[in-house]
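Take a look at the structure set out below.
The values are calculated or read from the model by the stated rules, or taken from the named source; none is laboratory data. Being a predicted model, the structure only gives us computed values, none of them experimental. As a convention, Cβ positions derive from the backbone with ideal geometry for all residues, glycine included, and neighbour counts pool all protein chains shown.
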Amino acid sequence: MKLRMMIVLAAILLLVACADTKEEPDDVSEKETNSEEKANKEADKDNENKEDSGSEPSDREETTENQETKIEKTDPDEEENGTDDSTSDSTNSEKADEQGDESGEEETEKVDPEKDIVGFGFEVFDAQINEDYDYLESVLSKGSSIDREKHTIQFDQAASPHSFEFITKEDRANTGERYIQDEDDGSVIVGYEVIDYANESSYIIDVQFIKEDGEWKVNDMDVNK
């Protein structure tokens with residue numbers, strides 16, 4: 001009887017052991033499945049975190065692009081303002097140059113007769129074109145006068161008193177030095193040649209300079225054809 005009981009218990013124990021061995025693989029597989037699911041979930045979370053972290057730079061990039069766009073929009077305005085300022089400055093400088101040129105045409109350029117007696121004569125011609133009567137009166141010798149209405153100079157102290165008509169702008173453009181003569185009385189005569197290219201002709205204007213009160217003055221101007 002005891003032997004049977006022992007056999008039955010042994011059989012039961014054997015069956016229980018077999019059942020445990022069969023259930024253990026299921027448990028292991030379930031554990032592996034659970035671990036895989038956890039790993040997948042963790043991987044999904046990591047991907048989501050990466051996507052979230054990756055979206056931040058894109059937002060920053062968009063913000064940077066917006067800022068660059070704003071800068072690009074404002075830069076042309078600044079450039080336009082700058083060009084306007086530079087244009088106005090250049091316009092002002094051009095106006096100043098034009099005014100300087102106009103004033104230069106109205107005023108006769110002064111030279112030192114002691115150093116350039118020939119240039120002094122050209123200066124007198126320019127004063128006639130510019131109708132700079134004050135300057136002409138300042139360089140004429142005593143006894144000479146200007147008729148402003150007729151645009152002539154009256155030389156009463158010359159060897160033969162006469163009037164000289166102002167040179168024209170066209171003749172002044174074609175005037176050059178021809179000769180210089182030192183006279184015994186200390187005066188200087190400069191011959192200026194005026195060429196008429198259209199008619200293939202020319203003539204000479206003799207200008208006599210004398211020293212008066214220590215300064216060179218124009219004592220005579222006469223046409224020599």
Inside region 116-146, can you point out the residues that are of a type in the set (S, T, N, Q), over 12 Å from Met221 (Cα atoms) and out of contact with any helix residue (DSSP H, G or I) (no Cβ under 9 Å at 6 or more places or on another chain)?
Ser138
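Based on what the data block shows, is Glu215 under 26 Å from Arg148 (Cβ atoms), out of contact with any strand residue (DSSP E or B) (no Cβ under 8 Å at 6 or more places or on another chain), assigned by TED's automatic domain parsing to the domain that holds Ser145 and in contact (Cβ under 8 Å) with a residue 40 or more places away in the chain?
yes
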Test: residue in region 97-110 that is loosely packed, with under 11 Cβ neighbours inside 10 Å, small (Gly, Ala, Ser), modelled with pLDDT under 95 and on the phi < 0 side of the Ramachandran plot:
yes
